[in-house]
Amino acid sequence: MILSWYTSALLTIFFWGVADVYYKKGTSPRDKYSHLRIVVMVGLVMGLQALFELNKLNWQYDPYNIIRYLPVSFMYILSMTLGYIGLRYLEVSINSPVSNTSGAVAGILAFLVLGKTMNSWQLLAVSMITVGLVAIGIIERDLAEAERKQKKIVVDPKYRLGAIALIFPILYAVVDALGTFLDDVYLTNLMSPEEALISYELTFFFCAVVAFIYLVVVAKSKYQLHQEKDRLLAAVFETAGQYFYVFALNTNSVIVAPMIASYSIVSVLLGRLMLKEDLTLKQYLYIALVMAGIFILGFFE
């Protein structure tokens, strides 16, 4: 079954939004290795998915593609690492106004460098999505700050107001946007979506093997599968989203990149349902703005 870019993008938004919630559930402040446990589980699931894709291709795959695709894989994995470090160690929310612009930046690069275009309705929709995401980021930042004050959590000012607090979200946005842009270049000129998907998944699998060895051999930390339920679910939804992502990006990247960035609204809504997080009226309004933009993109597909 061949899906349109719009359907593939919607599925990516949904799956990554759900994955985001389970990442949150699977991250324990008491476990300093929780991020490595996430890497292990995501790499394992992606490795299994890569085997499935290889079988679909009758194992007609050049292993050198892993090296060829490494710049893209590196950017994606680095952006995930920056996101985790910023949130866990610096107490800086990467889901910030700045970092939420990464999809728009990737779309602009596709427009300027690759010459991809959009009509006026699509431009309006992308603008609505970007404005909505930035606004949601501002609200979530303010809510996080209010929660810290209520709980009397003191954060070093340099992590909230200094260069580090500013650099991390910018760095995340730039790296994530470059990863998306490079992916677009590769899919346009160098390899098929299936080859790109397999290359990324195998790279992540190798990272998982290294992380597992470090956990068990070096850190002497126990790894018990029955404690990995939330991380397993996060990995399954992350991998499902990645599958549809490459096919969506391959067709209409200048629109797809900003659109897929809106997966954060799914995690916000599911956080309300599953994690009992409260949402403000402003959050609902900006979520509606983003959803209206997504609807316009579908209507004028």
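The values are calculated or read from the model by the stated rules, or taken from the named source; none is laboratory data. What you see is a predicted model, and the numbers here were worked out from it, not measured in a lab. We place every Cβ from the backbone using ideal geometry, glycine too, and count neighbours over all the protein chains shown.
Within the range 235-277, can you find the residues that are more than 25 Å from V185 (Cα to Cα) and not in a helix (DSSP H, G or I)?
Across the range 235-277, the qualifying residues are L275, K276, E277.
Could you check D31 against (1) over 22 Å from I77 (Cβ atoms); (2) free of Cβ contacts under 8 Å to residues at least 12 places away in the same chain and say which number it fails?
Only one criterion in (1) over 22 Å from I77 (Cβ atoms); (2) free of Cβ contacts under 8 Å to residues at least 12 places away in the same chain is unmet by D31, namely (1).
Looking only at the range 94-103, count how many residues are modelled with pLDDT under 75 and either part of a helix (DSSP H, G or I) or not aliphatic (A, V, I, L, M) (or both).
Summing the residues that are modelled with pLDDT under 75 and either part of a helix (DSSP H, G or I) or not aliphatic (A, V, I, L, M) (or both) in the range 94-103 gives 6.
So, of the residues in the range 280-301 that are of a type outside the set (F, W, Y), surrounded by fewer than 17 Cβ atoms within 10 Å (Cβ to Cβ) and farther than 15 Å from A125 by Cβ, which turns out to be modelled with the highest pLDDT?
L285
Any residue in the range 2-10 that is surrounded by fewer than 16 Cβ atoms within 10 Å (Cβ to Cβ), farther than 26 Å from Y223 by Cβ and touching a Ser or Thr at 6+ places or on another chain (Cβ under 9 Å)?
Checked the range 2-10: at least one residue is surrounded by fewer than 16 Cβ atoms within 10 Å (Cβ to Cβ), farther than 26 Å from Y223 by Cβ and touching a Ser or Thr at 6+ places or on another chain (Cβ under 9 Å).
Is the range 57-65 home to any residue that is under 17 Å from D184 (Cα atoms) and either loosely packed, with under 15 Cβ neighbours inside 10 Å or modelled with pLDDT of 75 or more (or both)?
Checked the range 57-65: at least one residue is under 17 Å from D184 (Cα atoms) and either loosely packed, with under 15 Cβ neighbours inside 10 Å or modelled with pLDDT of 75 or more (or both).
Is it the case, given these coordinates, that T27 is polar (S, T, N, Q), more than 13 Å from the chain's Cα centre (by Cα) and at pLDDT below 80?
yes
Picking from F237, F206, which residue would you name as being closer than 15 Å to M41 by Cβ, under 20 Å from the mean Cα position of the chain (by Cα), surrounded by fewer than 18 Cβ atoms within 10 Å (Cβ to Cβ) and at pLDDT 80 or above?
After ruling out the rest, the residue left standing is F206.
Give the residue, chosen from I170, I213, I198, that is of a type in the set (V, I, T) and within 14 Å of D62 (Cα to Cα).
Exactly one of I170, I213, I198 is of a type in the set (V, I, T) and within 14 Å of D62 (Cα to Cα), namely I198.
Mind checking which residues of the range 215-234 are loosely packed, with under 10 Cβ neighbours inside 10 Å and not in a loop (DSSP other than H, G, I, E, B)?
V217, V218, L225, H226
Can you tell me which residue is farthest from the chain's Cα centre (by Cα) among those in the range 126-179 that are of a type in the set (D, E) and at pLDDT below 80?
D156
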